[in-house]
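Worksheet for the structure shown next.
The values are calculated or read from the model by the stated rules, or taken from the named source; none is laboratory data. Predicted model only: the values in this text are computed from it and were never measured. All Cβ positions, glycine included, derive from the backbone under ideal geometry; neighbour counts span all protein chains shown.
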(Lines give C-alpha, C1' and ligand atoms only; values in the text may rest on other atoms or scores of the structure.)
Protein backbone atom coordinates (compact mmCIF):
# COMPACT_ATOMS: atom_id res chain seq x y z
CA UNK A 1 0.00 0.00 0.00
CA UNK A 2 2.88 2.35 0.87
CA UNK A 3 4.53 1.76 -2.53
CA UNK A 4 1.28 2.67 -4.23
CA UNK A 5 0.98 5.70 -2.00
CA UNK A 6 4.48 6.92 -2.92
CA UNK A 7 3.77 6.35 -6.59
CA UNK A 8 0.62 8.49 -6.45
CA UNK A 9 2.35 11.18 -4.39
CA UNK A 10 5.18 11.63 -6.88
CA UNK A 11 2.77 11.38 -9.80
CA UNK A 12 0.94 14.36 -8.29
CA UNK A 13 4.25 16.23 -8.00
CA UNK A 14 5.08 15.41 -11.62
CA UNK A 15 1.68 16.66 -12.76
CA UNK A 16 2.28 19.89 -10.83
CA UNK A 17 5.59 20.14 -12.72
CA UNK A 18 3.74 19.74 -16.03
CA UNK A 19 1.17 22.37 -14.97
CA UNK A 20 3.81 25.05 -14.33
CA UNK A 21 5.55 24.04 -17.58
CA UNK A 22 2.27 24.59 -19.44
CA UNK A 23 1.83 27.97 -17.77
CA UNK A 24 5.15 29.27 -19.11
CA UNK A 25 4.65 27.57 -22.46
CA UNK A 26 1.25 29.19 -22.97
CA UNK A 27 2.39 32.67 -21.94
CA UNK A 28 5.45 32.55 -24.21
CA UNK A 29 3.82 31.18 -27.36
CA UNK A 30 2.64 34.69 -28.26
CA UNK A 31 6.12 36.21 -27.87
CA UNK A 32 7.34 33.93 -30.68
CA UNK A 33 4.27 33.82 -32.90
CA UNK A 34 3.74 37.61 -32.73
CA UNK A 35 6.26 37.94 -35.58
CA UNK A 36 3.79 36.23 -37.93
CA UNK A 37 0.73 37.74 -36.29
CA UNK A 38 1.99 41.31 -36.76
CA UNK A 39 2.50 40.64 -40.47
CA UNK A 40 -1.05 39.34 -40.89
CA UNK A 41 -3.04 41.61 -38.56
CA UNK A 42 -0.79 44.72 -38.67
CA UNK A 43 -0.42 44.96 -34.89
CA UNK A 44 1.94 47.77 -33.85
CA UNK A 45 4.62 47.61 -31.15
CA UNK A 46 2.52 49.94 -28.99
CA UNK A 47 -0.48 47.65 -29.30
CA UNK A 48 1.70 44.66 -28.47
CA UNK A 49 2.77 46.47 -25.31
CA UNK A 50 -0.88 46.85 -24.29
CA UNK A 51 -1.46 43.16 -25.04
CA UNK A 52 1.29 42.19 -22.58
CA UNK A 53 -0.05 44.67 -20.02
CA UNK A 54 -3.45 42.96 -20.20
CA UNK A 55 -1.81 39.74 -19.04
CA UNK A 56 0.25 41.34 -16.26
CA UNK A 57 -2.73 43.16 -14.74
CA UNK A 58 -4.96 40.09 -14.45
CA UNK A 59 -2.02 37.90 -13.42
CA UNK A 60 -1.17 40.24 -10.55
CA UNK A 61 -4.80 40.29 -9.39
CA UNK A 62 -5.36 36.55 -9.65
CA UNK A 63 -2.14 35.52 -7.95
CA UNK A 64 -3.78 36.53 -4.67
CA UNK A 65 -7.37 35.59 -5.46
CA UNK A 66 -6.26 32.29 -6.98
CA UNK A 67 -4.29 31.49 -3.83
CA UNK A 68 -7.29 32.23 -1.62
CA UNK A 69 -9.62 30.06 -3.68
CA UNK A 70 -7.14 27.18 -3.85
CA UNK A 71 -6.69 27.32 -0.07
CA UNK A 72 -10.47 27.08 0.26
CA UNK A 73 -11.21 24.36 -2.32
CA UNK A 74 -7.91 22.47 -2.29
CA UNK A 75 -5.36 21.79 -5.00
CA UNK A 76 -7.43 19.16 -6.82
CA UNK A 77 -10.31 21.40 -7.86
CA UNK A 78 -8.37 24.67 -7.68
CA UNK A 79 -5.56 23.61 -9.99
CA UNK A 80 -7.95 21.81 -12.37
CA UNK A 81 -10.04 24.97 -12.74
CA UNK A 82 -6.96 27.17 -13.15
CA UNK A 83 -5.33 25.06 -15.86
CA UNK A 84 -8.66 24.45 -17.61
CA UNK A 85 -9.52 28.16 -17.63
CA UNK A 86 -6.19 29.35 -19.02
CA UNK A 87 -6.12 26.51 -21.57
CA UNK A 88 -9.47 27.67 -22.97
CA UNK A 89 -8.13 31.23 -22.99
CA UNK A 90 -5.07 30.01 -24.90
CA UNK A 91 -7.20 28.27 -27.51
CA UNK A 92 -9.32 31.42 -27.93
CA UNK A 93 -6.23 33.25 -29.20
CA UNK A 94 -6.68 31.27 -32.41
CA UNK A 95 -9.80 33.27 -33.34
CA UNK A 96 -8.32 36.72 -32.63
CA UNK A 97 -8.45 39.23 -35.49
CA UNK A 98 -7.34 42.44 -33.78
CA UNK A 99 -5.20 43.82 -30.97
CA UNK A 100 -8.29 44.28 -28.80
CA UNK A 101 -9.09 40.58 -29.15
CA UNK A 102 -5.58 39.68 -28.01
CA UNK A 103 -5.76 42.10 -25.06
CA UNK A 104 -8.97 40.43 -23.90
CA UNK A 105 -7.67 36.88 -24.37
CA UNK A 106 -4.37 37.71 -22.63
CA UNK A 107 -6.36 39.15 -19.74
CA UNK A 108 -8.25 35.83 -19.53
CA UNK A 109 -4.95 33.95 -19.71
CA UNK A 110 -3.61 35.92 -16.74
CA UNK A 111 -6.78 35.20 -14.76
CA UNK A 112 -6.21 31.49 -15.16
CA UNK A 113 -2.46 31.43 -14.73
CA UNK A 114 -2.61 33.35 -11.47
CA UNK A 115 -3.51 30.07 -9.76
CA UNK A 116 -0.69 28.01 -11.29
CA UNK A 117 2.06 28.40 -8.71
CA UNK A 118 -0.16 28.69 -5.60
CA UNK A 119 -1.94 25.53 -6.80
CA UNK A 120 1.28 23.62 -7.50
CA UNK A 121 2.72 24.44 -4.08
CA UNK A 122 -0.62 23.64 -2.41
CA UNK A 123 -0.51 20.20 -4.03
CA UNK A 124 2.96 19.62 -2.57
CA UNK A 125 1.89 20.71 0.92
CA UNK A 126 -1.21 18.49 0.78
CA UNK A 127 0.43 15.37 -0.60
CA UNK A 128 4.14 15.29 0.29
CA UNK A 129 5.72 14.55 3.70
CA UNK A 130 7.62 17.42 5.32
CA UNK A 131 11.08 15.87 4.85
CA UNK A 132 10.59 15.81 1.07
CA UNK A 133 8.68 19.05 0.50
CA UNK A 134 11.62 21.20 -0.63
CA UNK A 135 12.53 18.67 -3.33
CA UNK A 136 8.88 18.37 -4.34
CA UNK A 137 8.51 22.15 -4.51
CA UNK A 138 11.65 22.35 -6.64
CA UNK A 139 10.21 19.82 -9.07
CA UNK A 140 6.77 21.45 -9.10
CA UNK A 141 7.92 24.99 -9.84
CA UNK A 142 10.80 23.75 -12.00
CA UNK A 143 8.31 23.00 -14.75
CA UNK A 144 8.27 26.72 -15.55
CA UNK A 145 11.86 26.47 -16.79
CA UNK A 146 10.96 23.53 -19.02
CA UNK A 147 8.09 25.51 -20.50
CA UNK A 148 10.42 28.43 -21.19
CA UNK A 149 12.95 26.13 -22.86
CA UNK A 150 10.38 24.35 -25.04
CA UNK A 151 8.28 27.34 -26.09
CA UNK A 152 10.48 28.85 -28.85
CA UNK A 153 11.35 25.67 -30.81
CA UNK A 154 7.91 24.09 -30.35
CA UNK A 155 6.13 27.26 -31.47
CA UNK A 156 8.32 27.65 -34.54
CA UNK A 157 7.78 23.98 -35.43
CA UNK A 158 4.00 24.14 -35.05
CA UNK A 159 3.75 27.41 -36.99
CA UNK A 160 5.52 25.70 -39.87
CA UNK A 161 2.94 22.91 -39.85
CA UNK A 162 -0.36 24.62 -39.09
CA UNK A 163 0.18 28.37 -38.87
CA UNK A 164 0.04 30.59 -35.80
CA UNK A 165 -3.67 29.97 -35.13
CA UNK A 166 -3.08 26.25 -34.94
CA UNK A 167 -0.35 26.71 -32.33
CA UNK A 168 -2.81 28.20 -29.83
CA UNK A 169 -5.31 25.39 -30.43
CA UNK A 170 -2.71 22.66 -29.88
CA UNK A 171 -1.21 24.21 -26.74
CA UNK A 172 -4.71 24.80 -25.36
CA UNK A 173 -5.54 21.12 -25.91
CA UNK A 174 -2.41 20.16 -23.97
CA UNK A 175 -3.95 21.84 -20.92
CA UNK A 176 -7.36 20.21 -21.32
CA UNK A 177 -5.67 16.80 -21.50
CA UNK A 178 -3.72 17.66 -18.35
CA UNK A 179 -6.96 18.46 -16.49
CA UNK A 180 -8.45 15.07 -17.37
CA UNK A 181 -5.35 13.21 -16.17
CA UNK A 182 -5.08 15.35 -13.02
CA UNK A 183 -8.68 14.73 -11.96
CA UNK A 184 -8.23 10.99 -12.53
CA UNK A 185 -4.99 10.71 -10.53
CA UNK A 186 -6.28 12.81 -7.62
CA UNK A 187 -9.74 11.20 -7.52
CA UNK A 188 -9.07 9.91 -4.01
CA UNK A 189 -7.63 11.87 -1.10
CA UNK A 190 -6.97 8.75 1.01
CA UNK A 191 -3.32 8.57 0.04
CA UNK A 192 -2.37 12.09 1.12
CA UNK A 193 0.57 12.53 3.46
CA UNK A 194 -0.80 15.42 5.53
CA UNK A 195 1.75 15.51 8.35
CA UNK A 196 1.53 19.23 9.18
CA UNK A 197 -0.68 20.56 11.97
CA UNK A 198 -3.06 23.35 11.08
CA UNK A 199 -2.20 26.95 11.91
CA UNK A 200 -4.95 28.07 14.24
CA UNK A 201 -4.22 31.78 14.34
CA UNK A 202 -4.85 32.21 10.61
CA UNK A 203 -8.14 30.71 9.51
CA UNK A 204 -8.27 28.72 6.28
CA UNK A 205 -11.42 30.47 5.09
CA UNK A 206 -11.61 32.52 1.93
CA UNK A 207 -12.88 36.08 2.07
CA UNK A 208 -11.63 39.62 2.55
CA UNK A 209 -11.81 39.31 6.34
CA UNK A 210 -9.50 36.35 5.92
CA UNK A 211 -7.03 38.52 3.98
CA UNK A 212 -7.19 41.31 6.56
CA UNK A 213 -6.41 38.84 9.32
CA UNK A 214 -3.49 37.38 7.37
CA UNK A 215 -2.06 40.83 6.76
CA UNK A 216 -1.76 41.42 10.51
CA UNK A 217 0.94 38.74 10.67
CA UNK A 218 4.46 40.21 10.46
CA UNK A 219 5.96 37.28 8.57
CA UNK A 220 3.46 37.71 5.75
CA UNK A 221 4.78 41.20 5.05
CA UNK A 222 8.36 39.96 5.10
CA UNK A 223 7.65 37.54 2.28
CA UNK A 224 5.68 40.19 0.39
CA UNK A 225 8.51 42.73 0.65
CA UNK A 226 11.12 40.22 -0.49
CA UNK A 227 9.07 39.32 -3.57
CA UNK A 228 8.41 43.02 -4.30
CA UNK A 229 12.16 43.70 -4.28
CA UNK A 230 13.29 40.70 -6.32
CA UNK A 231 10.63 39.88 -8.91
CA UNK A 232 11.54 42.84 -11.18
CA UNK A 233 14.98 41.26 -11.58
CA UNK A 234 13.62 38.10 -13.11
CA UNK A 235 11.20 40.05 -15.31
CA UNK A 236 14.20 42.11 -16.41
CA UNK A 237 15.95 38.89 -17.38
CA UNK A 238 12.92 37.63 -19.32
CA UNK A 239 11.85 40.84 -21.09
CA UNK A 240 15.10 42.74 -21.69
CA UNK A 241 17.98 40.30 -22.11
CA UNK A 242 17.12 39.25 -25.69
CA UNK A 243 17.10 42.95 -26.62
CA UNK A 244 20.38 43.47 -24.73
CA UNK A 245 22.05 40.56 -26.51
CA UNK A 246 20.91 41.83 -29.89
CA UNK A 247 21.58 45.57 -29.50
CA UNK A 248 24.50 45.69 -27.07
CA UNK A 249 26.27 42.46 -28.01
CA UNK A 250 25.31 42.33 -31.71
CA UNK A 251 24.06 38.75 -31.42
CA UNK A 252 21.71 37.80 -34.27
CA UNK A 253 18.12 36.98 -33.39
CA UNK A 254 18.55 33.38 -34.59
CA UNK A 255 21.59 32.93 -32.35
CA UNK A 256 19.70 34.36 -29.37
CA UNK A 257 17.10 31.65 -29.89
CA UNK A 258 19.88 29.07 -29.87
CA UNK A 259 21.48 30.44 -26.71
CA UNK A 260 18.82 31.92 -24.43
CA UNK A 261 17.36 28.54 -23.46
CA UNK A 262 20.59 27.66 -21.65
CA UNK A 263 20.00 29.93 -18.60
CA UNK A 264 16.47 28.53 -18.28
CA UNK A 265 17.92 25.03 -18.26
CA UNK A 266 20.08 26.11 -15.33
CA UNK A 267 16.98 27.42 -13.59
CA UNK A 268 15.16 24.11 -13.99
CA UNK A 269 18.12 22.09 -12.72
CA UNK A 270 18.62 24.32 -9.68
CA UNK A 271 14.92 24.31 -8.77
CA UNK A 272 15.17 20.57 -8.25
CA UNK A 273 18.74 20.44 -6.92
CA UNK A 274 18.07 23.28 -4.47
CA UNK A 275 15.09 21.40 -3.08
CA UNK A 276 17.01 18.13 -2.86
CA UNK A 277 19.98 19.68 -1.03
CA UNK A 278 17.69 21.54 1.35
CA UNK A 279 15.87 18.32 2.25
CA UNK A 280 19.18 16.52 2.77
CA UNK A 281 20.39 19.26 5.14
CA UNK A 282 17.08 19.06 7.01
CA UNK A 283 17.37 15.28 7.39
CA UNK A 284 20.93 15.55 8.70
CA UNK A 285 20.46 18.56 11.03
CA UNK A 286 16.71 18.50 11.77
CA UNK A 287 16.91 22.27 11.31
CA UNK A 288 14.64 24.03 8.85
CA UNK A 289 16.65 27.18 9.49
CA UNK A 290 19.90 25.68 8.21
CA UNK A 291 18.17 23.79 5.41
CA UNK A 292 16.33 26.74 3.85
CA UNK A 293 18.57 29.68 4.73
CA UNK A 294 21.78 27.82 3.92
CA UNK A 295 20.72 27.28 0.29
CA UNK A 296 19.30 30.83 0.05
CA UNK A 297 22.61 32.24 1.31
CA UNK A 298 24.55 30.36 -1.34
CA UNK A 299 22.07 31.61 -3.94
CA UNK A 300 22.52 35.22 -2.80
CA UNK A 301 26.29 34.95 -3.26
CA UNK A 302 25.93 33.39 -6.71
CA UNK A 303 23.61 36.14 -7.97
CA UNK A 304 26.49 38.61 -7.75
CA UNK A 305 27.63 37.14 -11.08
CA UNK A 306 25.17 39.52 -12.78
CA UNK A 307 27.37 42.49 -11.88
CA UNK A 308 30.17 41.18 -14.09
CA UNK A 309 28.06 40.73 -17.24
CA UNK A 310 28.72 44.29 -18.37
CA UNK A 311 32.50 43.63 -18.41
CA UNK A 312 32.45 40.43 -20.46
CA UNK A 313 33.54 40.57 -24.09
CA UNK A 314 32.05 37.38 -25.55
CA UNK A 315 28.50 36.10 -26.00
CA UNK A 316 29.54 32.80 -24.42
CA UNK A 317 30.74 34.62 -21.32
CA UNK A 318 27.47 36.53 -21.02
CA UNK A 319 25.42 33.33 -21.34
CA UNK A 320 27.62 31.64 -18.71
CA UNK A 321 27.04 34.46 -16.23
CA UNK A 322 23.32 34.39 -16.98
CA UNK A 323 23.34 30.62 -16.43
CA UNK A 324 24.86 31.19 -12.97
CA UNK A 325 22.33 33.96 -12.18
CA UNK A 326 19.37 31.81 -13.26
CA UNK A 327 20.80 28.82 -11.40
CA UNK A 328 21.06 30.94 -8.25
CA UNK A 329 17.46 32.13 -8.69
CA UNK A 330 16.30 28.51 -8.80
CA UNK A 331 18.05 27.79 -5.48
CA UNK A 332 16.51 30.91 -4.00
CA UNK A 333 12.89 30.64 -5.16
CA UNK A 334 12.53 26.95 -4.25
CA UNK A 335 13.59 27.55 -0.66
CA UNK A 336 11.74 30.87 -0.43
CA UNK A 337 8.47 29.11 -1.35
CA UNK A 338 9.21 26.12 0.88
CA UNK A 339 9.89 28.50 3.80
CA UNK A 340 6.37 29.87 3.36
CA UNK A 341 4.88 26.39 3.80
CA UNK A 342 7.24 25.74 6.74
CA UNK A 343 6.04 28.86 8.55
CA UNK A 344 2.34 28.97 7.63
CA UNK A 345 1.43 25.30 7.27
CA UNK A 346 -0.90 23.76 4.73
CA UNK A 347 -3.99 25.87 5.47
CA UNK A 348 -2.91 29.24 4.08
CA UNK A 349 0.28 28.59 2.10
CA UNK A 350 -1.37 29.24 -1.26
CA UNK A 351 -2.82 32.52 -0.01
CA UNK A 352 0.58 33.76 1.18
CA UNK A 353 2.22 32.71 -2.07
CA UNK A 354 -0.58 34.48 -3.93
CA UNK A 355 -0.13 37.71 -1.98
CA UNK A 356 3.63 37.73 -2.45
CA UNK A 357 3.28 36.82 -6.14
CA UNK A 358 0.85 39.68 -6.67
CA UNK A 359 3.31 42.04 -4.99
CA UNK A 360 6.06 40.87 -7.33
CA UNK A 361 3.89 41.22 -10.43
CA UNK A 362 2.73 44.67 -9.34
CA UNK A 363 6.30 45.75 -8.67
CA UNK A 364 7.34 44.49 -12.10
CA UNK A 365 4.42 46.25 -13.76
CA UNK A 366 5.55 49.53 -12.18
CA UNK A 367 9.30 49.13 -12.60
CA UNK A 368 9.50 47.75 -16.14
CA UNK A 369 8.78 51.15 -17.75
CA UNK A 370 11.39 52.65 -15.41
CA UNK A 371 13.88 50.09 -16.70
CA UNK A 372 13.28 51.36 -20.21
CA UNK A 373 14.01 54.92 -19.12
CA UNK A 374 17.23 53.88 -17.34
CA UNK A 375 18.43 51.91 -20.37
CA UNK A 376 17.58 54.72 -22.80
CA UNK A 377 19.14 57.55 -20.76
CA UNK A 378 22.04 55.72 -19.15
CA UNK A 379 22.83 52.07 -19.83
CA UNK A 380 22.12 48.54 -18.64
CA UNK A 381 24.81 48.89 -15.95
CA UNK A 382 22.53 50.08 -13.07
CA UNK A 383 20.21 47.14 -13.72
CA UNK A 384 23.04 44.61 -13.65
CA UNK A 385 24.25 46.09 -10.36
CA UNK A 386 20.74 45.95 -8.87
CA UNK A 387 20.35 42.35 -10.06
CA UNK A 388 23.67 41.35 -8.51
CA UNK A 389 23.18 42.99 -5.12
CA UNK A 390 19.50 42.77 -4.17
CA UNK A 391 19.36 39.04 -3.41
CA UNK A 392 22.05 39.58 -0.78
CA UNK A 393 20.12 42.54 0.65
CA UNK A 394 16.93 40.43 0.70
CA UNK A 395 18.79 37.53 2.36
CA UNK A 396 20.07 39.65 5.25
CA UNK A 397 16.62 41.21 5.59
CA UNK A 398 15.16 37.70 5.81
CA UNK A 399 17.58 36.33 8.43
CA UNK A 400 17.21 39.47 10.57
CA UNK A 401 13.40 39.56 10.48
CA UNK A 402 12.83 35.79 10.63
CA UNK A 403 15.52 34.54 13.04
CA UNK A 404 14.11 31.01 13.00
CA UNK A 405 12.00 29.19 10.45
CA UNK A 406 9.30 27.26 12.25
CA UNK A 407 5.56 26.76 12.16
CA UNK A 408 3.86 29.81 13.63
CA UNK A 409 3.14 29.62 17.34
CA UNK A 410 -0.64 29.86 17.50
CA UNK A 411 -0.59 31.11 21.07
CA UNK A 412 1.86 33.99 20.70
State all residues of the stretch 370-400 that are outside any loop (DSSP other than H, G, I, E, B), over 24 Å from the mean Cα position of the chain (by Cα) and more than 26 Å from residue 327 (Cβ to Cβ); if no residue qualifies, say none. 373, 376, 377
With respect to residue 283, determine if the residue is part of a helix (DSSP H, G or I), surrounded by fewer than 17 Cβ atoms within 10 Å (Cβ to Cβ), in contact (Cβ under 8 Å) with a residue 40 or more places away in the chain and more than 21 Å from the chain's Cα centre (by Cα). yes
From the list 22, 61, exactly one residue is in contact (Cβ under 8 Å) with a residue 12 or more places away in the chain, under 24 Å from residue 179 (Cβ atoms) and out of contact with any helix residue (DSSP H, G or I) (no Cβ under 6 Å at 6 or more places or on another chain). Which is it? 61
Would it be correct to say that residue 260 is surrounded by 18 or more Cβ atoms within 10 Å (Cβ to Cβ), modelled with pLDDT under 90 and farther than 19 Å from residue 137 by Cα? yes
Out of 149, 170, 156, report the one residue that is part of a helix (DSSP H, G or I) and free of Cβ contacts under 8 Å to residues at least 60 places away in the same chain. 170
Considering each of 365, 322, 273, 267 in turn, give the residue that is out of contact with any strand residue (DSSP E or B) (no Cβ under 6 Å at 6 or more places or on another chain), closer than 30 Å to residue 212 by Cβ and either in contact (Cβ under 8 Å) with a residue 24 or more places away in the chain or not in a helix (DSSP H, G or I) (or both). 365
Across the stretch 92-141, what is the total count of residues that are surrounded by fewer than 21 Cβ atoms within 10 Å (Cβ to Cβ) and either part of a loop (DSSP other than H, G, I, E, B) or touching a strand residue (DSSP E or B) at 6+ places or on another chain (Cβ under 7 Å) (or both)? 3
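Every residue, every condition in (1) more than 20 Å from the chain's Cα centre (by Cα); (2) surrounded by fewer than 20 Cβ atoms within 10 Å (Cβ to Cβ); (3) at pLDDT 90 or above, yes or no:
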position	(1), (2), (3)
339	no, no, yes
348	no, no, no
353	no, no, no
358	no, no, no
368	no, yes, no
Out of 308, 344, I need the residue that is closer than 30 Å to residue 251 by Cβ and either surrounded by fewer than 22 Cβ atoms within 10 Å (Cβ to Cβ) or touching a helix residue (DSSP H, G or I) at 6+ places or on another chain (Cβ under 9 Å) (or both). Which one? 308
